[in-house]
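Below you'll find the structure, written out as structure tokens, and then a few comments.
The values are calculated or read from the model by the stated rules, or taken from the named source; none is laboratory data. No experiment lies behind these values; they were computed from the predicted model shown. Note that each Cβ is placed from the backbone with ideal geometry, even for glycine, and that neighbours are counted across all protein chains shown. All accessible areas refer to the heavy atoms of the entire protein, side chains included, with ligands and DNA or RNA removed. Shrake-Rupley method; radii C 1.70, N 1.55, O 1.52, S 1.80 Å.
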Amino acid sequence: MAFVNWLKRHLVVIAGLLTLGYLLLPNVVVTVFSFNNPKGRFNYEWQEFSTEAWRDPCGVSGLCGSLTLSLQIALWAMLGATLLGTMIAFALVRYRFRARSAVNSLIFLPMAMPEVVMAASLLTLFLNMGAQLGFWTILIAHIMFCLSFVVVAVKARVMSMDPRLEQAAQDLYAGPFQTFVRVTLPIAAPGIAAGALLAFALSFDDFIITNFNAGSTVTFPMFVWGSAQRGTPVQINVIGTAMFVIAVLLVLVSMAVGRRRNRQKA
Amino acid sequence: MATVTEAPPLAPAPEGKPPRRRGRWTPYLLLLPGLLWLVVFFALPVIYQASTSVQTGSLEEGYEVTWHFATYWDALSEYWPQFVRSVLYAASATVLCLLLGYPLAYLIAFRAGRWRNLIMILVIAPFFTSFLIRTLAWKTILADGGPVVGALDALHVLDVTAWLGWTAGDRVLATPLAVVCGLTYNFLPFMVLPLYTSLERIDPRLHEAANDLYARPSTTFRKVTFPLSMPGVVSGTLLTFIPATGDYVNADLLGSTDTRMVGNVIQSQFLRILDYPTAAALSFILMAAILIMVTLYIRKSGTEDLV
């Protein structure tokens with residue numbers, strides 16, 4: 001009876017933790033199988049412990065090339081989408097103009113459409129234009145679908161900003177440029193950073209849109225897709241584990257730095 | 001997510017019109033490059049696709065617009081099972097995401113205490129491992145004769161699911177159950193994050209008030225917490241359902257030819273069979289179907305200010 005009562009009281013916590021386990025289980029499997037030494041072409045069954053793949057992550061032809069390409073595309077897509085998206089966000093929050101609601105729906109639609117539809121329609125455009133599929137078509141597509149997410153992230157931050165701070169700067173004889181660089185930009189920075197990070201992650205991980213518009217160019221997700229048909233090298237799990245660990249470490253470090261800065265301020 | 005730099009607390013911004021700026025053209029200049037990008041690479045392609053869907057011809061001889069609407073009819077009559085399947089799978093995954101995601105979002109918002117940031121990181125961090133790698137990991141988890149399948153078999157769950165047609169024999173891989181499991185897994189964070197955002201906004205004093213008025217915890221949840229979390233439920237279900245309907249990765253990696261969704265058909269028509277008019281028609285039907293379903297859903301749930 002005591003146990004039933006305990007269970008009742010902690011039902012939400014138990015259910016929540018079980019869901020968290022469901023979310024993390026594949027990451028555990030990816031990590032464990034990065035130390036596997038598979039007998040066949042596929043790395044789905046545990047055979048024996050080995051650190052070989054960790055010692056030579058680039059040992060599979062094409063893997064590290066695709067990784068570099070994905071990083072490059074993600075970086076350029078992040079820069080492009082962040083620049084264009086931040087400008088749109090400022091215009092939407094700071095100005096009244098005609099066609100605002102039309103602009104808002106044009107921003108919303110790419111997020112509300114299944115990726116496969118966007119991918120297919122973009123491909124028909126490129127085919128009609130006779131464009132050469134490859135690096136540039138991938139980059140164009142990635143900037144397109146990251147743009148809306150940046151707008152949303154920056155808009156949220158700029159909206160909560162007090163416009164009187166800028167008026168104060170102007171009262172203190174700061175020029176428009178000075179006001180923007182010294183006041184507006186620093187306050188909007190966390191929103192812009194969040195948007196940029198989101199764009200980078202979305203671009204780096206995108207498969208569906210890239211699959212349609214890449215031609216014979218192979219990004220990292222496309223390399224993984226191809227290996228799912230031909231045979232999955234252990235190195236893929238090594239890269240996956242490393243990405244997870246790096247992400248967690250970066251967040252922990254940024255939290256520690258933020259906490260220290262807050263303490264110094266206080 | 002932890003923000004590194006926190007701005008100093010601000011006085012609430014005055015209501016009303018934003019401050020007037022110099023130059024009537026400034027907003028248009030700010031909008032121009034980004035909007036041009038969206039018009040040329042998002043809106044224009046949709047129009048191109050509409051025109052492709054009514055073309056006839058062949059790859060060798062070229063295509064011509066002949067207003068051949070029969071393509072739509074042919075595509076629908078041949079691939080309606082895949083359409084129905086997509087909606088069914090996506091709807092099941094969305095319901096499962098809501099059932100699984102709600103306790104987790106609730107836990108983070110109200111019960112996590114000092115563990116809140118850590119749990120938040122653990123929800124977001126898997127995003128950084130490519131979702132294809134994580135989906136492939138489900139092949140290992142659900143492997144034939146593996147521990148999960150063994151346990152389900154021992155509990156006679158597989159007998160029930162096989163009777164329902166969700167699994168086949170003593171395997172889970174290559175069945176609808178595996179595809180729905182993968183879809184649920186892949187889109188779960190898109191459910192948890194909006195739910196958490198709307199739960200976190202609830203004033204905890206409302207819970208205390210309900211408690212003071214002798215409401216049992218279940219009543220408090222039913223009458224206070226859940227209604228106030230509706231914006232999160234609506235945006236979470238949309239963020240899960242829409243991408244899940246168009247997904248073809250889970251059906252391809254975890255399913256079989258019997259679990260093909262409409263995304264798989266569009267992908268193979270476009271990239272393998274190279275029948276562009278049929279592919280364009282299918283993709284157009286999918287887009288229209290989703291727009292209609294989403295509009296009806298938003299109307300019905302009564303929250304139109306989602307954007």
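Does A:VAL4 qualify as being farther than 19 Å from B:PRO103 by Cβ, among the β-branched types (Val, Ile, Thr) and part of a helix (DSSP H, G or I)? Outline the logic, then answer.
Working: farther than 19 Å from B:PRO103 by Cβ: no; among the β-branched types (Val, Ile, Thr): yes; part of a helix (DSSP H, G or I): yes.
No: the conditions fail for A:VAL4.
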**Message:** Where the second residue is modelled with pLDDT of 95 or more and the first is more than 22 Å from A:ALA199 (Cα to Cα) and lies in the stretch A:130-143, which pairs have Cβ atoms under 7 Å and are six or more apart or on separate chains?
**Reply:** A:ALA131/A:THR137
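Conditions tested, residue by residue: (1) modelled with pLDDT of 90 or more; (2) within 22 Å of the chain's Cα centre (by Cα); (3) surrounded by fewer than 20 Cβ atoms within 10 Å (Cβ to Cβ).
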| site | (1), (2), (3) |
| --- | --- |
| A:ALA120 | yes, yes, no |
| A:ILE140 | yes, yes, yes |
| A:ARG164 | no, no, yes |
| A:TYR173 | no, no, yes |
| A:GLN178 | no, no, yes |
| A:ALA193 | yes, yes, yes |
**Asked** Within the stretch A:42-56, which residues are farther than 22 Å from A:TRP225 by Cβ, in contact with a strand residue (DSSP E or B) (Cβ under 9 Å, 6 or more places away or on another chain) and either among the hydroxyl-bearing types (Ser, Thr, Tyr) or part of a helix (DSSP H, G or I) (or both)?
**Response** A:SER50
**Asked** Can you pull out the residues in the stretch A:157-175 that are assigned to a loop (DSSP other than H, G, I, E, B) and of a type outside the set (D, E, K, R)?
**Response** A:SER160, A:MET161, A:PRO163, A:LEU172, A:TYR173, A:ALA174, A:GLY175
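Conditions tested, residue by residue: (1) over 27 Å from the mean Cα position of the chain (by Cα); (2) under 17 Å from B:SER130 (Cβ atoms); (3) within 14 Å of chain B (Cβ to nearest Cβ); (4) outside any loop (DSSP other than H, G, I, E, B).
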residue: A:GLY21; (1), (2), (3), (4): no, no, yes, yes
residue: A:THR31; (1), (2), (3), (4): no, yes, yes, yes
residue: A:GLY40; (1), (2), (3), (4): yes, no, yes, no
residue: A:CYS58; (1), (2), (3), (4): no, yes, no, no
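Please go through the stretch A:93-116 and give me each residue that is assigned to a helix (DSSP H, G or I) and more than 17 Å from A:CYS146 (Cβ to Cβ), ordered by number.
Scanning the stretch A:93-116 gives A:VAL93, A:ARG94, A:ARG100, A:SER101, A:ALA102, A:VAL103, A:ASN104, A:SER105, A:VAL116.
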**Message:** Which count do you get for residues in the stretch A:110-119 that are without any contact (Cβ under 8 Å) to a residue 60 or more places away in the chain and more than 7 Å from every other protein chain (Cβ to nearest Cβ)?
**Reply:** 1
**Message:** A:ALA81 - would you say it is closer than 15 Å to B:LEU38 by Cα, in a helix (DSSP H, G or I) and at pLDDT 95 or above?
**Reply:** yes
**Complete:** Residues in the stretch A:205-238 that are within 8 Å of another protein chain (Cβ to nearest Cβ), outside any loop (DSSP other than H, G, I, E, B) and closer than 15 Å to A:ILE140 by Cα total 3
**Item:** Filter result (closer than 11 Å to A:THR19 by Cα, open to solvent by 30 Å² or more (accessible area, probe 1.4 Å) and more than 8 Å from every other protein chain (Cβ to nearest Cβ)) within the stretch B:99-127
**Value:** B:LEU99
**Request:** Please state which one of A:LEU122, A:LEU92, A:LEU67 is in contact (Cβ under 8 Å) with a residue 24 or more places away in the chain and more than 9 Å from every other protein chain (Cβ to nearest Cβ).
**Result:** A:LEU67
**Prompt:** So which pairs qualify, if the first residue must be in the stretch A:178-191 and within 9 Å of another protein chain (Cβ to nearest Cβ), the second must be of a type in the set (Ser, Thr, Tyr), the Cβ gap must be under 7 Å, and the two must be at least 6 apart or on different chains?
**Reply:** A:ALA189/B:THR5; A:PRO190/B:THR3; A:PRO190/B:THR5
**Asked** Scanning for something assigned to a loop (DSSP other than H, G, I, E, B), modelled with pLDDT of 85 or more and open to solvent by less than 60 Å² (accessible area, probe 1.4 Å), does the stretch A:142-156 turn up at least one residue?
**Response** no
**Asked** From the list B:PRO204, B:PRO231, which residue is open to solvent by 20 Å² or more (accessible area, probe 1.4 Å), within 23 Å of A:PHE108 (Cα to Cα) and touching a residue at least 60 places away in the same chain (Cβ under 8 Å)?
**Response** B:PRO231
**Asked** Restricting the search to the stretch B:270-282, which residues are touching a residue at least 12 places away in the same chain (Cβ under 8 Å) and out of contact with any Phe, Trp or Tyr (no Cβ under 8 Å at 6 or more places or on another chain)?
**Response** B:LEU274, B:THR278, B:ALA280
**Item:** Those residues of the stretch B:58-97 which are away from chain A (no Cβ under 11 Å) and within 30 Å of B:PRO204 (Cβ to Cβ), in sequence order
**Value:** B:THR94, B:VAL95
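Looking only at residues that are surrounded by 22 or more Cβ atoms within 10 Å (Cβ to Cβ) and among the hydrophobic types (A, V, I, L, M, F, W, C) in the stretch B:169-180, which one is nearest to B:VAL249 (Cα to Cα)?
B:VAL179
Looking at this structure, is A:SER254 under 23 Å from B:ILE119 (Cα atoms), hydroxyl-bearing (Ser, Thr, Tyr) and free of Cβ contacts under 8 Å to residues at least 40 places away in the same chain? Explain how you work it out, then say what you get.
Details: under 23 Å from B:ILE119 (Cα atoms): yes; hydroxyl-bearing (Ser, Thr, Tyr): yes; free of Cβ contacts under 8 Å to residues at least 40 places away in the same chain: yes.
In short, yes.
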**Fill in**
Exactly one of B:LEU188, B:LEU183, B:LEU195, B:LEU136 is surrounded by 22 or more Cβ atoms within 10 Å (Cβ to Cβ), within 14 Å of chain A (Cβ to nearest Cβ), touching an Asp or Glu at 6+ places or on another chain (Cβ under 7 Å) and within 28 Å of A:ALA247 (Cα to Cα), and that residue is B:LEU183
